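The values are calculated or read from the model by the stated rules, or taken from the named source; none is laboratory data. In this text the structure is predicted, and so the values were computed from the model without any measurement. Backbone-built Cβ (ideal geometry, glycine too); neighbour counts: all protein chains shown. For the accessible areas, the whole protein counts, side chains as well, though only heavy atoms, and no ligand, DNA or RNA atoms are used. Shrake-Rupley method; radii C 1.70, N 1.55, O 1.52, S 1.80 Å.
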Amino acid sequence: MPQTVPVDPLGAFTDFEGRLLRRLSTRVVPFAWGNAYLDDDLPSRYYSNFLRVETDLAGVSADDLLEATEAILGDGGFEHRLVIIRDEAAAARLEPGFTEAGYSRAPEVVQLLRREPDRRGTVEVEIVGFDEARDVIERTYSEDEHLPEAAAVPFTDHRRKYEDALGARFFVARVDGEHAGLCELYLDGEDAQVENVATLVRFRNRGVARSVVLAACDTAKAAGATRVFILADDDDWPKQLYERLGFDRIGTDVGFLRSPATGP
């Protein structure tokens, strides 16, 4: 019998993520080393409008990528600039050039579910559609200190696209009968991703994030997913929670971001 070739999980995630991005984007613009994924419906959202490196960067300079970024995002009228590189060695080599151009490093860890959690969740979780989840989504955005107040409504309305384009499922936790937090689940064949994990401030430290993430993982596995991924800010604490829930790091996305506030 022929031997089955093991699937590289990071490669599988790269392919899966690309499929999702194409369904979410209003435009996909190729450049020499990858594609730019653009959403003209929400140009102010950084992670809906960015360049994603998808090929080897040997011999490529930061200036090469900066030029491509200006040609696509700058000439396209976007106020921010964002390039995402999955090759950590290449990102380290290119970082000085991005720093000199006013970009900051924004790394995200890619994690894969591989183990059982240290303990189960204890908070009630229900699966709802966007319309029922909308209020708690907007409140989590309103409480996000990294977002301007005016972004809460358009960013919330944008989540409907994830339901329409990806079939996203919203896992909402209830504490004392009230919506307390949520996450989203995207499924495509054997691949699944848990995303947009958020807890309202007054319900934090009560197991909300643990409960919604594990409920989403259980649903993904029951639907036939053999790979369940989650992304986390590499400079923040949630990645440690996800490790306790059974996720292991398999790679790092190094984003180089120049926001309107820090740009020239």
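Per-residue ellipticity at 222 nm for the chain, helices alone: DSSP H runs ≥ 4 residues times -39500 (n - 2.57), over residue total, nearest 500 deg cm²/dmol?
Working: 7 runs with 88 residues, N = 264.
It comes out at -10500 deg cm²/dmol, rounded to the nearest 500.
In debye, nearest 20: dipole of the chain around its Cα centre with unit charges on the Cβ of K, R (+) and D, E (-)?
On the way: 31 positive and 49 negative charges, 154 e Å.
Roughly 740 debye, rounded to the nearest 20.
How many percent of DSSP beta bridges within the range 137-251 run antiparallel, rounded to 5?
80
Round to a whole number: what % of the accessible area of the range 1-103 belongs to carbon and sulfur, probe 1.4 Å?
53
Averaging sequence separations of C-alpha pairs under 8 Å and six or more residues apart, then dividing by the length of the chain, give the relative contact order as a whole percent. Walk me through the intermediate numbers first.
Working: 472 pairs, mean separation 66.8, N = 264.
Taking the mean separation of contacting Cα pairs over the length of the chain, I get 25 percent.
Just to verify a number: FRET efficiency for A32 and R105, C-beta to C-beta distance, R0 = 22 Å, to 0.05?
Numbers: r = 22 Å, r/R0 = 1.02.
Step by step, r from the Cβ atoms, then E = 0.50.
Over the range 161-233, what relative contact order in percent results from Cα pairs under 8 Å that are six or more residues apart?
It rounds to 29 percent for the range 161-233.
What do you get for the angle between helix 152-166 and the principal long axis of the chain? Use alpha-carbon atoms, 0 to 90 degrees, nearest ten.
Between the helix axis and the principal axis of the chain, the angle is about 80 degrees.
When the Cα centres of the range 233-248 and the range 2-76 are compared, how far apart do they sit, in Å?
Comparing the Cα centres of the range 233-248 and the range 2-76, I get a distance of 24 Å.
First check a/c for the range 115-264, with a ≥ b ≥ c the square roots of the eigenvalues of its C-alpha gyration tensor; if it is under 1.5, answer rounded, and if not, answer prolate when a/b is larger than b/c or oblate otherwise. Provide the component values of the computation, followed by the final result.
On the way: a/c = 1.38, a/b = 1.17, b/c = 1.17.
Rounded, because the longest to shortest axis ratio a/c is under 1.5.
For the range 158-264, which trypsin sites (Lys or Arg not before Pro) pass both filters: DSSP loop (anything but H, G, I, E, B) and at most 10 other C-beta atoms within 10 Å?
none
Rounded, prolate or oblate for the range 125-208? Axes are the square roots of the Cα gyration tensor eigenvalues, ordered a ≥ b ≥ c, and the cut-off for rounded is a/c under 1.5.
Cα axes put the range 125-208 in the oblate bin.
Given a 1.4 Å probe and every protein chain left where it sits, what share in percent of the accessible area of the range 112-186 is carbon and sulfur? Each step should come with its number before you reach the end.
Working: 1740 of 3890 Å².
In the range 112-186, the share of accessible area belonging to carbon and sulfur is 45 percent.
Would you be so kind as to identify which of G74, I85, L57 lies farthest towards the positive end of the dipole of the range 28-89, taking Lys and Arg as +1 and Asp and Glu as -1 on Cβ and the Cα centre as origin?
Result: I85, furthest along the dipole toward the positive end.
Would you tally the net charge around V175, using a Cβ to Cβ cut-off of less than 10 Å, leaving V175 out, and scoring K and R as +1, D and E as -1?
Charge balance near V175 sits at 0.
First measure r as the distance between the Cβ atoms of R249 and D56, then evaluate 1/(1 + (r/R0)^6) with R0 = 22 Å and state the FRET efficiency to the nearest 0.05. Don't skip to the end; give the middle numbers.
Values: r = 22 Å, r/R0 = 1.01.
The computed FRET efficiency comes out at 0.50.
Figure the gain on full extension for R22 and E132 (residue separation times 0.36 nm, minus the Cα-Cα span) and round it to one decimal in nm.
That pair, R22 and E132, stretches by 37.0 nm at full extension.
How many Å² of accessible area per residue for the chain, probe 1.4 Å?
With the other protein chains kept in place, the chain gives 48 Å² per residue.
Would you please give the FRET efficiency between E124 and E95, computed as 1/(1 + (r/R0)^6) with r the Cβ-Cβ distance and R0 = 41 Å, to the nearest 0.05?
Values: r = 44 Å, r/R0 = 1.08.
Efficiency computed from Cβ-Cβ geometry: 0.40.
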